[in-house]
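Asker: Encoded as structure tokens, here's the structure I'll be asking about.
The values are calculated or read from the model by the stated rules, or taken from the named source; none is laboratory data. Just so it is clear, the structure is predicted and the values come from calculations on it, not from any experiment. No Cβ is skipped: glycine too gets one built from the backbone with ideal geometry, and neighbour counts run over all protein chains shown.
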Ligand code: SF4
């Protein structure tokens, strides 16, 4: 059976990279005594799939991974056991059973994610930045120069920004995420800096991912809502 | 939530920020208001190396069992962060509380290899603690050194307030109690050091005075006060079963060198190889109880969630309950997908059977450490492994499907000749030939033999502590002899050869048998920018040469001469248990090419029996 686990990553844990978070959970699941299934062979490993890797430095309230279990107790019990095995800064928020099979893999389902971005004190690009956000988003096209190792390419990121607005002295963003289209919040904010004529200082923003979504029949659904609580 | 010592900006710019944030599973947090002693335990190398060290975790666990002590960790900031900390004057901090080290009562540094000496100065300097013990005041932490290099602490004498000579389990807590008592009494730093110097195993360098003869050798080494002992008794934890061992080792977030739990099955080694310092230092061999080890293995795996366990000891095949232990580990944990990583075992039917259960034969390799290429030289070094035994073991393994072999040797051993060097190539060839005796259809492609040589460095408290070393060019020419001889073997295509750098060997040799006059050199080279000498990319032998010259210290004095057994050695003030007479006897026997039986075959009266336990009393109770 496959379960989907939602967790938050905060505090110092934001400095732990994606691969290390995977390793961390493999050990945590063993400490918690969950009956995880393993692959065959000389170096068996847990069958787990993470939804959307989070960059180092970002915190999150909506991280997901799927895990194959041989047997399960209840969602409540397993959440409790996992949280008993966590380091400060990582908290398991939900655990639901999801359909087996490749098509329902967390990673391939991801369509969008919400972010909340704040400027670190003194690193705002201009005094009236809050009022300029709407202007930035109102543009017909938002061209950004995307640098890869080999080339520089201009892309229009506007279609990938599904929402952008001021919220609580920060910026709320809903961005296309996943294998088809993927837009990083940093890029949106860099574009904003250029737009107001003030390129951002390094580490000007602190970003938190709030939720990760799948798309179903045209609407976005949090990944956890695609499963059932094990009662 | 904890406040981190480094800002987000700094952490986001350095490589692997996880090295500096603490917060790992099983790391210990306490309320500093309720603590009497704050102890910073340091391994002076980068996080991934430091966290792989068992001794550090044992002391960490032991000190933290006490409610009045909080032991935290501190490691060498990598060169990127080092630069930032110097630029911004950020004081070095402990991983747990993120508080500056300079606020601690103790800074304990485990000294595992000579090439970390400049890193020790880096730690002190970044902590904003005066480099010289004599310049420290009442509010500075007491800097205490421990670990194998403290069996000759003299090259570091100026930088440490005290050294702990021996295994940490016995006197660390009494030392902490003395500190508390002195503090309660309102005693000074000096008062405490006098108290400490009277605790067995504690060496306070400032209370000893050294004088030299005209030829540069030691004339005398004496205490400066009457209330200070002249000899330091090395500490040994005789009961290795009912003692401290971390049931909850720390689980790093990032991949470290030893990414697994470690089960130390015994201390010491019965073999008595004459080049091996650990083999002499940790006498007598003491086994841990097998039932207790089983329980420890289970607790550690459960508390960490680690996927791998490895056994640790100097010679695991000599552990008398090895079969029982391994059978238990395989039966109990293989289903739970725990990897059992085997220490290098003597290759025989038993170990091959075990290996075939826990490893992929096609991928795993057989390891032999003959250390010397000829039987003659193996007799000199007292390495009991014969060519016959190697070929037999390898043959059985090849027939069982193995095809990879690793061979370890040393070059530059006392009495070594060109024939001995070439013998390395011949032994590798003989193994290859044994492989190709197997009919083509039955064997598993070509065999791969990897020969590695390191250069021998004589260490204190070994029978070879009097031996000479050689110039760098000589080492390299010996490696070349081996290389050419391998290239002229019939099966040379199946043999790969690796050798070590010689610059490191030479410096390691100088520091290993050095004296107090080297303190100035280490400080000088550190001030010129040397750190991370153990890392090839940061090791600059030329800078060291310049510092030797600047301090008017002749490096050759320490390595390019055979010492007389009459000479007063800088480490002679330590009572090791193993006596100097025994070492002299072994040094003479070595040169007669005569082997000494191991402790189980026959006691050779090395002196360690005075600790009244372990192998010295086995079967005699
Ligand atoms: S006293 Fe004898 S048995 Fe004990 S360690 Fe020494 S040689 Fe071995």
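Asker: Which of (1) within 11 Å of the ligand (Cβ to nearest atom); (2) outside any helix (DSSP H, G or I) does residue B:610 not meet, given it meets every other one?
Answerer: Just one mismatch for residue B:610, condition (2).
Asker: Would you tally the residues in region B:298-329 being more than 14 Å from chain A (Cβ to nearest Cβ), more than 16 Å from the ligand (Cβ to nearest atom) and outside any loop (DSSP other than H, G, I, E, B)?
Answerer: Matching residues across region B:298-329 total 13.
Asker: Please tell me if residue B:292 is in a helix (DSSP H, G or I), on the phi < 0 side of the Ramachandran plot, modelled with pLDDT of 95 or more and within 12 Å of chain A (Cβ to nearest Cβ). Give the steps one after another, and end with the answer.
Answerer: Values: in a helix (DSSP H, G or I): yes; on the phi < 0 side of the Ramachandran plot: yes; modelled with pLDDT of 95 or more: yes; within 12 Å of chain A (Cβ to nearest Cβ): no.
No.
Asker: Pick out the one residue from B:498, B:491 that is outside the structural domain of residue B:76 (by TED's automatic domain parsing) and out of contact with any helix residue (DSSP H, G or I) (no Cβ under 9 Å at 6 or more places or on another chain).
Answerer: Numbers: B:491 fails: out of contact with any helix residue (DSSP H, G or I) (no Cβ under 9 Å at 6 or more places or on another chain).
Going through B:498, B:491 in turn, just one is outside the structural domain of residue B:76 (by TED's automatic domain parsing) and out of contact with any helix residue (DSSP H, G or I) (no Cβ under 9 Å at 6 or more places or on another chain): B:498.
Asker: Considering only residues that are within 14 Å of chain B (Cβ to nearest Cβ), surrounded by fewer than 19 Cβ atoms within 10 Å (Cβ to Cβ) and farther than 21 Å from residue A:162 by Cβ, which ones fall in region A:181-203? Explain how you work it out, then say what you get.
Answerer: Here is the first cut: in region A:181-203, the residues within 14 Å of chain B (Cβ to nearest Cβ) are A:186, A:200-203.
Subset that is surrounded by fewer than 19 Cβ atoms within 10 Å (Cβ to Cβ): A:186, A:201-203.
Once the filter is applied, which keeps residues that are within 14 Å of chain B (Cβ to nearest Cβ), surrounded by fewer than 19 Cβ atoms within 10 Å (Cβ to Cβ) and farther than 21 Å from residue A:162 by Cβ, region A:181-203 yields A:201, A:202, A:203.
Asker: Also, quick follow-up: Let me confirm something: among B:258, B:277, which residue is modelled with pLDDT under 95, crowded, with 17+ Cβ neighbours inside 10 Å and on the phi < 0 side of the Ramachandran plot? Working first, answer last.
Answerer: Details: B:277 fails: modelled with pLDDT under 95.
Only one candidate passes the filter, namely B:258.
Asker: Just checking, how many residues over region B:277-296 are in contact with a helix residue (DSSP H, G or I) (Cβ under 8 Å, 6 or more places away or on another chain) and more than 16 Å from the ligand (Cβ to nearest atom)?
Answerer: Applying the first criterion (in contact with a helix residue (DSSP H, G or I) (Cβ under 8 Å, 6 or more places away or on another chain)) to region B:277-296 yields B:277-278, B:280-281, B:283-287, B:290, B:293-294.
Narrowing the set further to residues that are more than 16 Å from the ligand (Cβ to nearest atom) leaves B:290, B:293-294.
Final tally of qualifying residues: 3.
Asker: Within region B:578-597, track down each residue that is crowded, with 18+ Cβ neighbours inside 10 Å and either within 14 Å of chain A (Cβ to nearest Cβ) or more than 8 Å from the ligand (Cβ to nearest atom) (or both). Write out each step before concluding.
Answerer: So in region B:578-597, the residues crowded, with 18+ Cβ neighbours inside 10 Å come out as B:578, B:582-583, B:586-587, B:589-590, B:596.
Within region B:578-597, B:583, B:586, B:587, B:589, B:590, B:596 qualify.
Asker: Looking at region B:476-593, what helices (runs of 4 or more DSSP H) fall wholly within it and have at least 1 residues that are closer than 30 Å to residue B:405 by Cα? Even if it seems obvious, please write down each step before you answer.
Answerer: Details: elements: B:502-512, B:518-527, B:541-550, B:556-559, B:580-591.
Fully inside region B:476-593 and qualifying: B:502-512, B:580-591.
Asker: Before we move on, is residue B:33 part of a helix (DSSP H, G or I) and either away from every other protein chain (no Cβ under 14 Å) or buried (at least 17 other Cβ atoms within 10 Å of the Cβ) (or both)?
Answerer: Working: part of a helix (DSSP H, G or I): yes; either away from every other protein chain (no Cβ under 14 Å) or buried (at least 17 other Cβ atoms within 10 Å of the Cβ) (or both): yes.
So residue B:33 passes the test.
Asker: Sticking with this one: When region A:92-104 is examined, which residues are found to be at pLDDT 80 or above and surrounded by 16 or more Cβ atoms within 10 Å (Cβ to Cβ)?
Answerer: In the first step, residues of region A:92-104 are kept if they are at pLDDT 80 or above; the result is A:92-100.
The answer is A:92, A:94, A:95, A:96, A:97, A:98.
Asker: Does region B:1-30 hold any residues that are farther than 29 Å from residue A:204 by Cα and within 10 Å of chain A (Cβ to nearest Cβ), and which are they? So that I can check it myself, show each step before the final result.
Answerer: Of the residues in region B:1-30, the ones farther than 29 Å from residue A:204 by Cα are B:25-30.
Listed by number, the residues that qualify are B:25, B:26, B:27, B:29.
Asker: Taking only region B:201-223 into account, find how many residues are over 16 Å from residue B:516 (Cα atoms) and touching a helix residue (DSSP H, G or I) at 6+ places or on another chain (Cβ under 8 Å).
Answerer: 1
Asker: Here is a follow-up. Based on this model, can you work out whether residue B:570 counts as away from chain A (no Cβ under 14 Å), closer than 18 Å to residue B:217 by Cβ and away from the ligand (no atom under 14 Å from the Cβ)?
Answerer: Details: away from chain A (no Cβ under 14 Å): yes; closer than 18 Å to residue B:217 by Cβ: yes; away from the ligand (no atom under 14 Å from the Cβ): yes.
Here the answer is yes, as residue B:570 does meet what is asked.
Asker: Sort out which residues of region A:140-180 are in contact (Cβ under 8 Å) with a residue 40 or more places away in the chain, surrounded by 12 or more Cβ atoms within 10 Å (Cβ to Cβ) and part of a loop (DSSP other than H, G, I, E, B), and write them in order of number.
Answerer: Matches in region A:140-180: A:142, A:177, A:178.
Asker: Next question. Which of the residues spanning region A:1-31 are in contact with a helix residue (DSSP H, G or I) (Cβ under 6 Å, 6 or more places away or on another chain) and at the interface with chain B (Cβ under 8 Å from one of its Cβ atoms)?
Answerer: Residues satisfying the conditions are A:15, A:16.
Asker: In addition: Give me the pairs: first residue in region B:574-591 and more than 18 Å from residue B:231 (Cα to Cα) and outside the structural domain of residue B:146 (by TED's automatic domain parsing), second residue part of a helix (DSSP H, G or I) and more than 12 Å from the ligand (Cβ to nearest atom), beta-carbon distance under 7 Å, and six or more apart or on different chains, which are they?
Answerer: Hits for this filter: B:590/B:380.
Asker: Which number in (1) part of a loop (DSSP other than H, G, I, E, B); (2) at pLDDT below 90; (3) more than 14 Å from every other protein chain (Cβ to nearest Cβ) marks the one condition that residue B:353 misses?
Answerer: Unmet for residue B:353, out of (1) part of a loop (DSSP other than H, G, I, E, B); (2) at pLDDT below 90; (3) more than 14 Å from every other protein chain (Cβ to nearest Cβ): (1).
Asker: Among A:34, A:58, which is the only one that is under 30 Å from residue A:207 (Cα atoms), surrounded by 14 or more Cβ atoms within 10 Å (Cβ to Cβ) and either modelled with pLDDT of 95 or more or more than 14 Å from chain B (Cβ to nearest Cβ) (or both)?
Answerer: On the way: A:34 fails: under 30 Å from residue A:207 (Cα atoms).
Answer to the check: A:58.
Asker: Report yes if some residue within region B:42-52 is modelled with pLDDT of 95 or more, within 14 Å of chain A (Cβ to nearest Cβ) and over 30 Å from residue A:120 (Cα atoms); otherwise report no. Walk me through how you get there before you give the answer.
Answerer: Taking region B:42-52 and keeping what is modelled with pLDDT of 95 or more, we get B:42-52.
Imposing the further condition that a residue be within 14 Å of chain A (Cβ to nearest Cβ) reduces the set to B:47-48, B:51.
Within this subset, residues satisfying the condition of being over 30 Å from residue A:120 (Cα atoms) are B:48, B:51.
Within region B:42-52, one or more residues are modelled with pLDDT of 95 or more, within 14 Å of chain A (Cβ to nearest Cβ) and over 30 Å from residue A:120 (Cα atoms).
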